[in-house]
1. Of the residues L31, L62, L69, which is in contact with a Gly (Cβ under 7 Å, 6 or more places away or on another chain) and modelled with pLDDT of 85 or more?
2. Residue by residue through the range 67-82, note down the ones that are part of a loop (DSSP other than H, G, I, E, B) and out of contact with any strand residue (DSSP E or B) (no Cβ under 7 Å at 6 or more places or on another chain).
3. So which residues in the range 26-63 are surrounded by 15 or more Cβ atoms within 10 Å (Cβ to Cβ), in contact with a His (Cβ under 8 Å, 6 or more places away or on another chain) and assigned to a helix (DSSP H, G or I), if there are any at all?
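The values are calculated or read from the model by the stated rules, or taken from the named source; none is laboratory data. These numbers come from a predicted model, not from an experiment. Here the Cβ positions follow ideal geometry from the backbone for every residue, glycine too, while neighbour counts run over all protein chains shown.
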Amino acid sequence: MSMTEEGQEDEFGSRTKPGFPDSATWVAQWLCPNLEREIKRTFEWCPSWWDHPEAVQRIEALWRAWEALRLDGGTGMNTWWVDHADPQLAQLCNPDIGPFGHCHTTHGRDIPPLLALDPPDNWPLRPRPTVNPSRPADAMTREEQA
């Protein structure tokens, strides 16, 4: 369900529509106009941010936090900047480790996603199948018993 469909509930239980319908609109109309940064070797931004999967996730999280905290008449926006924007932007726009690191003069995505191998079957942290409490243990399938 999108933020637009669900809205936000205020302290009195009424729904508040988001300030922006989606993260892309928020980036174009609020985030970029409010950031004063020079693109140089210590800060990278990619206008095609939506083509970087990590950036999409981080920006979506930033937008959702902004939508929630903008309604706080007290320290909400300070909390958003200090606890959300500053650390997220530091990661996103870091030219050495951030997803925009290869976008200095032109958009680039030449870094493949990280590889993740499946853990072995006997890995101790592998989730075990859950037993349905409404079914007796002796009714478990052979796969569930293994």
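1. Of the residues listed, the single one that is in contact with a Gly (Cβ under 7 Å, 6 or more places away or on another chain) and modelled with pLDDT of 85 or more is L69.
2. Step one: filter the range 67-82 for residues part of a loop (DSSP other than H, G, I, E, B), giving 70-75.
Those that are part of a loop (DSSP other than H, G, I, E, B) and out of contact with any strand residue (DSSP E or B) (no Cβ under 7 Å at 6 or more places or on another chain): R70, D72, G73, G74, T75.
3. Correct list: L62 only.
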